[in-house]
Amino acid sequence: MTSAAPAQPLRRRHCLKLFLAASLLVCVLAVVAWQTRERWLAGMIHAWVVNDPVERVDAIVVLGGGSQYRTFAAARLFKNGQTMRVLYPDIALSVEDVSLGRTISPETELIGRVLEHEGVPRSALEIIGRGVNSTHDEILAVRAWAEHHHARTILVPTDPYHTRRLSRLGRKLFSGSETRLLVTVVDPPGYRWQEWWRDERGVTVFQLELIKSVLYAFK
Amino acid sequence: MRWLLAAGLVLAVMLVVLRQPLLRGAAHLWIVEASPFAPVDAVVVNASGRHSILDRSAQWVRDGQATRMILLRGETRATDRAGITPPILETRLRQLTEQGVPESARVLVGEELLTYHAEVSTLAAWARSHAVGPVIFPVEPFATRRVARLARRVLAPAGVRAMVVPVAVPEYDVDRWWQSKEGLLAFEKECVLALYYWWRY
């Protein structure tokens with residue numbers, strides 16, 4: 001009992017030293033992280049993005065949600081001779097579409113119009129799926145098409161941050177199949193994706209993609 | 001320790017049981033509700049192109065709640081440049097004509113405005129060289145907190161008193177926002193953007 005008494009202040013002093021050292025280390029790390037933020041944020045985004053080499057494929061797919069740029073990229077790839085067929089999904093109608101009596105979503109219609117305008121003949125176009133409203137639904141529709149047509153390779157041009165989730169989903173849904181899903185980056189308009197933290201749009205899109213990636217990981 | 005565990009368990013059960021009023025309450029705390037207002041000089045229509053905001057704004061002008069409408073010009077889309085779609089602004093002006101808002105009551109401000117910050121800053125710059133009285137600024141419900149703060153920090157120094165008014169959008173119901181994907185994403189996005197705006201502006 002008497003020998004344990006002096007050990008108490010010693011132990012307390014030791015804990016205090018440890019706490020101070022840990023606090024100092026955290027502060028130093030925080031300062032280093034802040035000073036080098038541009039480098040590691042840029043490195044993080046480059047590690048995140050998947051960009052497969054573009055090759056000749058059985059079909060190119062235009063996914064919903066980016067008709068203002070993905071569609072133009074798909075048309076360019078078609079004109080470069082990368083494929084003979086362009087697929088795009090039948091996107092689900094919104095509440096507003098239903099109330100307006102629409103039977104096809106404005107985005108599906110717009111994708112078709114853009115592709116034709118950009119020189120993709122109607123005979124090369126095909127709508128896949130029915131009322132899709134997520135990347136998962138879209139890739140299921142692509143898989144059904146690929147199985148039916150015995151396709152070997154399919155190329156999807158999409159936003160940089162979306163490529164990782166799409167690529168992972170492709171590996172999962174096409175595992176055991178003869179089809180490979182390739183993903184290529186399309187520059188989104190309005191911000192530089194390499195510097196997402198500098199712009200409101202970049203922040204919005206990147207954080208949303210992070211959340212969706214986590215949700216898809218548990219799906 | 002046992003008491004702590006029991007208290008934690010009770011809290012967890014309460015959170016589950018009371019999740020609906022709690023989530024609804026969180027949304028209503030977040031949304032900046034506008035108090036009733038007297039007739040104002042103008043209603044500011046942002047570049048988002050939302051039908052519900054345009055319709056409500058047109059109604060305020062028709063009812064005499066606002067003398068004129070300040071329309072902020074948004075981005076020119078790739079399909080507009082290619083001549084595939086008519087510019088959003090052109091469509092909105094046609095809708096306003098159909099809804100009885102005369103051309104003389106419309107003012108077009110800015111170019112290629114992509115964010116609320118760009119819109120509010122452009123409006124403040126414009127207001128410095130034009131006489132602008134009190135304005136109504138209708139926005140989607142969850143964006144009210146962010147825009148109200150911007151209005152206080154950017155519009156007020158330019159001499160513009162702005163009342164930010166939430167206008168319901170068809171994508172989600174603020175009383176059940178957690179039950180739809182659109183509502184969840186809208187609330188989450190606004191929380192992140194509110195932080196971003198607080199840090200940046």
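Look at the range A:117-140: where a residue is closer than 19 Å to A:LEU166 by Cα and a partner is open to solvent by less than 50 Å² (accessible area, probe 1.4 Å) and basic (Lys, Arg), sitting 6+ places away or on another chain with Cβ atoms under 7 Å, you get A:THR135/A:ARG165. Among the candidates A:LEU155, A:LEU182, A:LEU115, A:LEU169, the residue that is touching a Leu at 6+ places or on another chain (Cβ under 7 Å), not in a strand (DSSP E or B) and not β-branched (Val, Ile, Thr) is uniquely A:LEU115. Of A:GLU109, A:GLU96, all but one fail to be without any contact (Cβ under 8 Å) to a residue 24 or more places away in the chain, closer than 27 Å to A:VAL183 by Cβ, within 14 Å of chain B (Cβ to nearest Cβ) and open to solvent by 30 Å² or more (accessible area, probe 1.4 Å); the exception is A:GLU109.
Cβ separations smaller than 7 Å between residues 6+ apart or across chains give the following pairs from the range B:64-92 residues that are more than 12 Å from every other protein chain (Cβ to nearest Cβ) and within 23 Å of A:ARG70 (Cβ to Cβ) to residues that are part of a loop (DSSP other than H, G, I, E, B) and open to solvent by 40 Å² or more (accessible area, probe 1.4 Å): B:PRO87/B:THR76.
Yes or no: B:PRO170 surrounded by fewer than 18 Cβ atoms within 10 Å (Cβ to Cβ) and facing chain A (nearest Cβ under 10 Å)?
Criteria met by B:PRO170.
Looking at (1) more than 14 Å from chain B (Cβ to nearest Cβ); (2) over 10 Å from the mean Cα position of the chain (by Cα), find the lone condition where A:TYR161 falls short. If we test A:TYR161 against (1) more than 14 Å from chain B (Cβ to nearest Cβ); (2) over 10 Å from the mean Cα position of the chain (by Cα), just (2) comes out false. In the range A:204-219, the residues that are facing chain B (nearest Cβ under 10 Å) form Cβ pairs under 9 Å with partners that are modelled with pLDDT of 90 or more and open to solvent by 60 Å² or more (accessible area, probe 1.4 Å), at six or more places apart or across chains, as follows: A:THR204/B:LYS189; A:GLN207/B:LYS189; A:LEU208/B:LYS189. Scanning the range A:178-219 for residues that are more than 16 Å from the chain's Cα centre (by Cα), surrounded by 14 or more Cβ atoms within 10 Å (Cβ to Cβ) and either farther than 22 Å from B:VAL192 by Cα or not assigned by TED's automatic domain parsing to the domain that holds A:SER134 (or both) gives A:THR179, A:ARG180.
Between A:ARG56, A:ARG76, the distinction of being in the same structural domain as A:GLY190 (by TED's automatic domain parsing) and outside any helix (DSSP H, G or I) belongs to A:ARG56 only.
The values are calculated or read from the model by the stated rules, or taken from the named source; none is laboratory data. Owing to the predicted nature of the structure, the values given are computational and were not obtained by experimental measurement. Cβ: placed from backbone, ideal geometry, glycine included. Neighbour counts: every protein chain shown. Just the protein is used for accessible areas: all its heavy atoms, side chains included, with ligands, DNA and RNA removed. Shrake-Rupley method; radii C 1.70, N 1.55, O 1.52, S 1.80 Å.
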